[in-house]
Each structure stands twice: as C-alpha cells, then as structure tokens.
C-alpha cells in the first residue's frame, strides 16, 4: 500500500503537511520526492485554509462551551437529579425482551 502526503520539511527535518495535520506512519519504507517549489508558494495556498478551518473549529467549541455554561447556571437541583436518572430510564427499554 502506498500513502501520499503533501507538505514541506523544516530546517530541523520535521515534516509539515499542507491542510489537516496527519500522523505519519513509523517504521515504514519511504520514498521522498522533493519539488522545486518554495515554502511560501505552498504556505499561501493551503496553510491559510487549515488555519481558518482550525479557527472555525475553535469558534464552534467556544460556542458549545458558552451554551453549556449558561445551561449549567439555569439548571436546578431537580433538573440535575432528572438528568442523573435519565440514563436508567432510557436503558430500561433495552433490557426488555419480547417473546413472539
């Protein structure tokens, strides 16, 4: 099997992929092709996209956390007790069997 990764090498030999970060497999034979393109050309095309994707994810996570904090302040002790018992209520139907 052959896997292809696009990116560039830094001065210290680390590989920086374009787009989404990937974990490169270890202890595998590798063939490396070096293209005659500068880092700036590649960085302008794909790294800015990955930066904006990461920023979008961060913003979505911040919105989820903010909503959770707002809900936490509004929940009463009765609401928390109901949520604790919710799992038992939903799993109760799973333990029943039907004989036909």
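Data for the structure
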quantity: Residue match in the range 82-98 (condition: loosely packed, with under 10 Cβ neighbours inside 10 Å and at pLDDT 80 or above); calculated: no
quantity: The range 38-81 - residue that is under 30 Å from residue 7 (Cα atoms) and more than 24 Å from the chain's Cα centre (by Cα) and, of those, modelled with the highest pLDDT; calculated: 38
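The values are calculated or read from the model by the stated rules, or taken from the named source; none is laboratory data. Not measured: the values here are computed from a predicted model. All Cβ positions, glycine included, derive from the backbone under ideal geometry; neighbour counts span all protein chains shown.
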